[in-house]
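Encoded as structure tokens, the structure appears first; notes follow it.
Coordinate-derived values only; no laboratory data. Predicted model only: the values in this text are computed from it and were never measured. Heads up, the Cβs are rebuilt from the backbone with ideal geometry, glycines too, and the neighbour counts pull from every protein chain shown.
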Amino acid sequence: MEHEIRLYTQPLCGYCDIIKEMLDKAGYVYYTIDITKVDGSKRFLKERNHKTVPQLYVGDTHVNKKDTLEYSIEELSNIINQARLGVASTDWPEGNGEQEF
């Protein structure tokens, strides 16, 4: 699906749990991809220079580009909605609110 939401995670990732909770509270339907179990998922992330989880994609657009703890539910919802509309934002800094894999 063009605008499906995919959350790349791994077990025992507190940051992953935080972003899942935000997505749930905002009412989004999303796919959780456990990179320790889904073939090719870790390679997908490494090919895009990701070294940590969670990583959130809407279609082909990477949307969580700053520290997980800095997002409010409203901000995350706005970013997801922009990605669904094809509005790219490149001014989000990479963050540290993530867990290495």
Only unsatisfied item for Gly59, checking (1) within 14 Å of Tyr15 (Cβ to Cβ); (2) in contact with a His (Cβ under 7 Å, 6 or more places away or on another chain), is (1)
Top-ranked residue in segment 2-20 [being out of contact with any helix residue (DSSP H, G or I) (no Cβ under 7 Å at 6 or more places or on another chain) and assigned to a helix (DSSP H, G or I); ranked as farthest from His62 (Cα to Cα)]:
Gly14
Residues of segment 21-51 being in a helix (DSSP H, G or I) and within 18 Å of Thr61 (Cα to Cα), in sequence order, are Leu23, Ser41, Lys42, Arg43, Phe44, Leu45, Lys46, Glu47
